[in-house]
1. Can you tell me how many residues within segment 248-266 are modelled with pLDDT under 95 and closer than 30 Å to K154 by Cβ?
2. Counting only residues that are at pLDDT below 95 and of a type in the set (S, T, Y), which one in segment 345-363 is farthest from the chain's Cα centre (by Cα)?
3. For segment 364-391, which residues satisfy the criterion of being in contact with a Lys or Arg (Cβ under 7 Å, 6 or more places away or on another chain), over 19 Å from A470 (Cα atoms) and at pLDDT 75 or above?
4. Could you check, for segment 324-336, whether at least one of its residues is within 23 Å of the chain's Cα centre (by Cα), of a type outside the set (F, W, Y) and either assigned to a helix (DSSP H, G or I) or over 30 Å from F378 (Cβ atoms) (or both)?
5. Can you name the residue in segment 285-307 that is charged (D, E, K, R) and surrounded by fewer than 23 Cβ atoms within 10 Å (Cβ to Cβ) and is also farthest from E444 (Cα to Cα) among such residues?
6. Could you check, for segment 330-348, whether at least one of its residues is touching a residue at least 24 places away in the same chain (Cβ under 8 Å), among the polar types (S, T, N, Q) and surrounded by fewer than 15 Cβ atoms within 10 Å (Cβ to Cβ)?
7. Filter segment 217-230 down to residues that are surrounded by fewer than 17 Cβ atoms within 10 Å (Cβ to Cβ) and farther than 12 Å from Y263 by Cα, then give me how many there are.
8. What do you reckon, is K242 under 23 Å from the mean Cα position of the chain (by Cα) and among the charged types (D, E, K, R)?
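The values are calculated or read from the model by the stated rules, or taken from the named source; none is laboratory data. The model shown is predicted, which means the values in this text are computed figures rather than measured ones. Quick reminder, even Gly has a Cβ in these numbers, built from the backbone with ideal geometry, and neighbours come from all protein chains shown.
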Amino acid sequence: MDKPDLNKAIALLGDRKWRLNHLYYIEDKKGQVVRFQLNAAQENLLHNLHYLNLILKARQMGFSTFILLLALDCCLFNSNLAAGLVADTLDNAKGLLSRIKFAYERLPADIKQAVPVLTDNALEVRFGNESSVEVGVSLRSSTKNFLHISEYGKICAQSPDKASEIRSGALNTLAHGQLGFIESTAEGRGGDFFNKTEQARKIQDEGRDLLDMEWKFHFFPWFQDPSYQTRDRIRMTADEMKYFDELATEFGIQLTEDQQHWYVLKWREQAEDMKKEYPSTPEEAFCGAREGAYFGKPIQALRQRGKIGRFEFEPRSVVNTFWDLGVSDSTTIWLHQEIAGKHRFVGYYENSGEGIAHYIDWLDRWRTQRDARFGRHFGPHDVEHRKQGLEAKSIKHIAAEIGFAFEVVPRTPDKLNSIQSVRTVLPECEFDASACDEGILHLENYSRDWDEKYGVWKRHPRHDEHSHGADAFMVFADGYQSDTSVKVPEYKVRKVV
C-alpha cells in the first residue's frame, strides 16, 4: 500500500463514526445481513454522549444494536478494555453476546488477524489485545470500562430484587469516567429506572453542566423513526384527532398525515400499551400501566378522565380515614371525603417505626390546619390484635383511651377479592394529586409477584414498598359504605405527651 493510501486508511480507522458506518454487519428487521449504518437517532446519541447515558426510547429504534457495536468497537480499538452487558434473563444476555460475535465474524480479515479472539464461550469473549466482553444478569466480579444495561425498566418492574442487585453490583463495577448506558422503554411510575429518569430530567431542566457521575437523559420518541409512517388512510375518531392537536399546541410536535395514520393504526393494535411502547413525550411514556400491576390501567383511566388533579379538601364534608398498620413496616393512612356520591381522596400519610399516638397526633395537626371535621376511622382486622406498649394493649384499645375510635374491617379470606373491590370502586374516585402523590404511586405500582423460574406472573401479589398503601386502600374498598344514618362521632383527641 502506498504511503498516502496507508495514511488515509489510518485516518479512517481512527474515526469512530466511519468505523461504525463501514466495518460492521448486522441482521436487519427482515433477517437480512446488511452493513450497519447509523440512523438519525443513533447518530444523535453518538454526538451527544456523556459518561453515563440514560436512554428512554420507543420500540425498535436500534439503540441496543448501536450500543453493542459501540462496545465491540471500543474493545477492538482499545487494549485492556473490559465491557459488560446486562439483560433481564441469562438467555437474553447470551443473545446480546451472540450479536457481538455475529458482527466480529464479518469484519475484514486484516482486523480479525490484528485482534484475534482468544476466549469464546457463552458468557465471554476475550480478544488478543486483552479487551473483553462479558454478559450476565448482574456483574460484580471485575471493574468495567463500558457497561450496558438493557431494558432496565422491565427488570425494575418484574424483579425489584434483581434491579437492586444490578444497582449495587453492576453499576458499581463501572470505573469513574467510563461509558455507561441504561436503555429501556418505560414500565410505570416506579422503580429505579423511573427514579433515575426523573433525576436526569431534573438536571436537564435546570440547564446546568452534568457532573461525571450524573446520568444524562436522552429521549427518542417514535416519530424520530422515519419508518413509522404509512400511506394508508383511515377515518380517525374525535379523540384521536384531539390527541394530535394537543401534541401540536402543548408540545409543538407537528406530525405529517403519514405519521398520524401510522400512529392511529398502531394505537388501535397496542391499546393501553401504546404510550409506553411508542411515547411522544417523556411524561407520556410513564403514564402507561406497569406490566403486572393490578391497578395500573384504572389509574391510567382516571388520569385520562381528569380525576387525578386538583381536588382539594372540602370543609363542609367530614373526612374519613382508612389505615393499614405495620409493626416494623410502614403504617399508612388514606384521607377520604364523600362528595355528591363521589369518593375524593384529599390526603395520604405513611411512616414507620412509630407508635399509634404518632399517627393520631399527625391527623390532629392535619385537622387543625384545615379546620376539618373527622368522620369515621377504619382499620384492618389486626387493629384488635396488634399489641403496643408495656401493657401489650391492642392498637384499637390504645387509640380508644385517647379518644380515637376505630371501626374494624373484617379480613377478606382471598386477597384477590379485595383487589377486585378496589378495581370496582376506583372509577368512582378522584384524587388530589399533590396531597396523594405518594399513595397514588403505590396504587399504580402494586403488582403481582414475578416467577423467576418460569418467567410468568404469579397469582398472588408481591409484598414490597407499595403493599401498605394499597392495603390501606383495600380497607376503604372492603369496609366503607355510604350511610347517612351513621352518626359521626365528635372528634376530641387528648394530646399525647
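1. 2
2. Of everything passing the filter in segment 345-363, Y359 is farthest from the chain's Cα centre (by Cα).
3. Answer for segment 364-391, where residues must be in contact with a Lys or Arg (Cβ under 7 Å, 6 or more places away or on another chain), over 19 Å from A470 (Cα atoms) and at pLDDT 75 or above: F374, E384.
4. Taking every residue of segment 324-336 in turn, none turns out to be within 23 Å of the chain's Cα centre (by Cα), of a type outside the set (F, W, Y) and either assigned to a helix (DSSP H, G or I) or over 30 Å from F378 (Cβ atoms) (or both).
5. Filtering segment 285-307 for residues that are charged (D, E, K, R) and surrounded by fewer than 23 Cβ atoms within 10 Å (Cβ to Cβ), the one farthest from E444 (Cα to Cα) comes out as R305.
6. Checked against the condition, which is being touching a residue at least 24 places away in the same chain (Cβ under 8 Å), among the polar types (S, T, N, Q) and surrounded by fewer than 15 Cβ atoms within 10 Å (Cβ to Cβ), segment 330-348 yields no hits at all.
7. Within segment 217-230, residues that are surrounded by fewer than 17 Cβ atoms within 10 Å (Cβ to Cβ) and farther than 12 Å from Y263 by Cα number 2.
8. no
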